[in-house]
Amino acid sequence: MSFESIHNYYEQLVLDRIRELTADTLAGENEDFLCDVACVALNQLPSRYVRHNVDTVFYMPVQERAHIQQDVFETVNRAIEHINSHRDDKCPKTIP
């Protein structure tokens, strides 16, 4: 039995948002920073496991999609701020 098609719906949304920001706001940031932002952001969002994003989006109301997108934008921004504010810390604090 293969479970490779199961994934967290938010993963691709967060990664897409970070990729968008690397063209502008995050241009020049290293891979470690971007991965840290992704991890912090994903840990702040709820888990929503799906098999196929297309099916999930098809059955999701437009308002819910917009809400999820807004949550992703805000969460990624908070993650960036958090990682930036703790770049020089030897033992960074977690997000409250």
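Restricting the first member to segment 50-65 and to residues that are within 20 Å of residue 6 (Cα to Cα), and the second to residues that are aromatic (Phe, Trp, Tyr), the beta-carbon pairs closer than 8 Å and six or more apart or on different chains are 50/9; 53/9; 56/9.
If you go through segment 16-50 and keep only what is within 17 Å of residue 73 (Cβ to Cβ) and either of a type in the set (Phe, Trp, Tyr) or in contact with a helix residue (DSSP H, G or I) (Cβ under 6 Å, 6 or more places away or on another chain) (or both), you end up with 17, 18, 34, 37, 38, 40, 41, 42, 44, 45, 48. With the requirement that a residue be acidic (Asp, Glu), more than 13 Å from residue 15 (Cα to Cα) and modelled with pLDDT under 95, what does segment 29-80 give you? 29, 32, 55, 64 - these are the residues of segment 29-80 that are acidic (Asp, Glu), more than 13 Å from residue 15 (Cα to Cα) and modelled with pLDDT under 95. For segment 27-41, a tally of residues being surrounded by fewer than 17 Cβ atoms within 10 Å (Cβ to Cβ) and aliphatic (A, V, I, L, M) returns 1. Under the condition of being buried (at least 17 other Cβ atoms within 10 Å of the Cβ) and within 15 Å of residue 71 (Cα to Cα), the residues counted in segment 16-26 number 2. Per the listing 70, 44, the residue uniquely polar (S, T, N, Q) and either surrounded by 17 or more Cβ atoms within 10 Å (Cβ to Cβ) or touching a residue at least 40 places away in the same chain (Cβ under 8 Å) (or both) is 44.
The values are calculated or read from the model by the stated rules, or taken from the named source; none is laboratory data. If you're wondering where the values come from, they're calculated on a predicted model, not measured in any experiment. Glycine also receives a Cβ, built like all others from the backbone with ideal geometry; neighbour counts cover every protein chain displayed.
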